[in-house]
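Asks: Got a structure for you, questions after.
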Amino acid sequence: MNAATYHKLTSYHRKNMSPHNLDWGHMPRLYKSYPPLFSTALQPAGELPDVSLMKAFGEKWADRASPAVLNFEGLSTILTLANGFTAKRSYGTQTHFYRSAPSAGALYPNEIYVATGPVDGLAPGIYNYQVKSVALVRLRKGWHLRQITETLTDGPERTPAVSLLISGIFFRSAWKYGQRAYRYVLLNAGHLIENLVLALNAYGYSYSVHYDFDDESMGGLLGIDEQREVCLACLNIFDDRASEPRQSVKPPVELAGLERGVIEASRISAAEVSYSAITQAYTAGKTVRNDTAESADPYPVVDNMPQNWFPVRKTAEPIVSLGYVKSVLKRRSRRNFLQYPLKAANTMRLLEMLCMASDRCVDEGQTYAGCMVPGFMAVNVEGFDSGFYLLVTKKKAYGLVSGGSLGQKTAHVCLDQQWLKNGAVHFLFMANLAEVDLHQGPRGYRYAMLNAGRAGQRVYLAATALGYGACGIGALYDDEASKMLSLNDQSALLYLVAVGTTK
């Protein structure tokens, strides 16, 4: 099953919506439950990086070198900033915990695994990050970093100090969203990838991001049940002053059998439902095509490209904004928009942050940037004509595709969520699915959705830093959205993040 087929099969149609009653008695667990295993509590965060969000997004680090050693305290802080609890609210007898990464339906389908090498304070091994208990549960002892890098299609020449692996558990989202859930598992993984990337940028580490690897080998190393849970991305952290060449690193131990119950931990409900569309879409994408030459420029999503392009300008106007850490801690999905215009300088800053890329990493997300096309809809923005714009991040330019106010139409298309019409700007993340299938094969759907989630997370944090609210929307009437934007027949809107002034 290719990208276009899966996306069409899981599209919402206004007059043909199948009811999906939630089985509250078998709601999936939000945390993996392992048998008794060795556990190490994360260390309390030390001095948090006092940097601007712009630096975390990739602004040059001319004044700071990478830390000499990645210790357990630093690793603990990176994990906490990426996916830790940031607040809690009580509703009657229920307590809801907010995390630093957003999730559709607050179902949090993604897990982080940690493979360590030379990290002071933590023995080598493969661990699962337990968000609730703020700890690492050890699944395997010993050195496995070389085995992980050898699963990568284009692995680094040196062995990392730490590898961070992001997985997705299908039923956590499918419990609510059925066969459409693969979309949300990928989008949410993108949010998490970007949070990790920003944390690593804030500390100044060099790293690499990988979308391509041998899925079965990686899943076997992590001890996951591939029918329920799959690995979606790998981030390697390098210690610039301590890393050794790959050939001189201590040989990995032979893989021993996992403790009984480790693989079974991928089951998160007693009454799981397997959706064939999800299984087929994932299985089809297990093969890496590695056709990157065609993906540098965005695949066209409209037939009538803008005639005029305008540069994303760095604004000289002073902008009051939060730093990186406060932006992470204060980020929420906010929907209570007011009909206030977005300032032109702040709009430029939002666009600028979307266009930034770090120079401290090798990132396959950038390699596959052409699979996802960003744009925005100016609804109530100072200095911008209302309408639909494309954004070319590589060239830092935007162009008007079509004019007209589409705020009310967007709310109608997004399952009639009327609060959306008051958002000042709607950031749009699209893909030409036919071109993605042609050049990247079925795995290209991962690239497009992961990159859409990553870009959405940037919008979330940038809006928070500038004092605005933001909310992501993945539920929409797909054909109506394409028609509203006049996308070509091969293209679709994957994700939308609205930004505006909130109460």
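The values are calculated or read from the model by the stated rules, or taken from the named source; none is laboratory data. Please read all numbers here as calculations on a predicted model, not as lab measurements. Cβ: placed from backbone, ideal geometry, glycine included. Neighbour counts: every protein chain shown.
Asks: Among the candidates S327, S358, which residue alone is surrounded by 15 or more Cβ atoms within 10 Å (Cβ to Cβ) and at pLDDT below 90?
Replies: That would be S358, the only listed residue that is surrounded by 15 or more Cβ atoms within 10 Å (Cβ to Cβ) and at pLDDT below 90.
Asks: Say we look at region 135-192 and pick out the residues that are of a type in the set (G, A, S) and within 30 Å of K8 (Cβ to Cβ); which of these is surrounded by the fewest Cβ atoms within 10 Å (Cβ to Cβ)?
Replies: G178
Asks: So is L493 in contact with an Asp or Glu (Cβ under 9 Å, 6 or more places away or on another chain) and part of a strand (DSSP E or B) or not?
Replies: So L493 fits the description; yes.
Asks: If we scan region 295-308, do we find a residue that is within 23 Å of the chain's Cα centre (by Cα), at pLDDT below 95, buried (at least 16 other Cβ atoms within 10 Å of the Cβ) and closer than 30 Å to F171 by Cβ?
Replies: Taking every residue of region 295-308 in turn, none turns out to be within 23 Å of the chain's Cα centre (by Cα), at pLDDT below 95, buried (at least 16 other Cβ atoms within 10 Å of the Cβ) and closer than 30 Å to F171 by Cβ.
Asks: Within region 412-451, track down each residue that is more than 18 Å from the chain's Cα centre (by Cα), over 30 Å from K15 (Cβ atoms) and in a helix (DSSP H, G or I).
Replies: L438, H439, Q440, G441
Asks: Is it the case that region 198-210 has a residue that's more than 16 Å from the chain's Cα centre (by Cα), surrounded by fewer than 24 Cβ atoms within 10 Å (Cβ to Cβ) and modelled with pLDDT of 95 or more?
Replies: Checked region 198-210: no residue is more than 16 Å from the chain's Cα centre (by Cα), surrounded by fewer than 24 Cβ atoms within 10 Å (Cβ to Cβ) and modelled with pLDDT of 95 or more.
Asks: Same structure, new question: Residues in region 404-427: is at least one within 30 Å of V288 (Cβ to Cβ) and of a type outside the set (D, E)?
Replies: yes
Asks: Find the helices (runs of 4 or more DSSP H) located wholly in region 1-119 whose residues include 2 or more that are at pLDDT below 90 and surrounded by 15 or more Cβ atoms within 10 Å (Cβ to Cβ), and list them.
Replies: Per the criteria, 53-57.
Asks: With outside any loop (DSSP other than H, G, I, E, B), touching a Leu at 6+ places or on another chain (Cβ under 7 Å) and not assigned by TED's automatic domain parsing to the domain that holds G444 as the only criterion, which of V209, V185 stands out?
Replies: Being outside any loop (DSSP other than H, G, I, E, B), touching a Leu at 6+ places or on another chain (Cβ under 7 Å) and not assigned by TED's automatic domain parsing to the domain that holds G444 holds for just one of V209, V185, which is V209.
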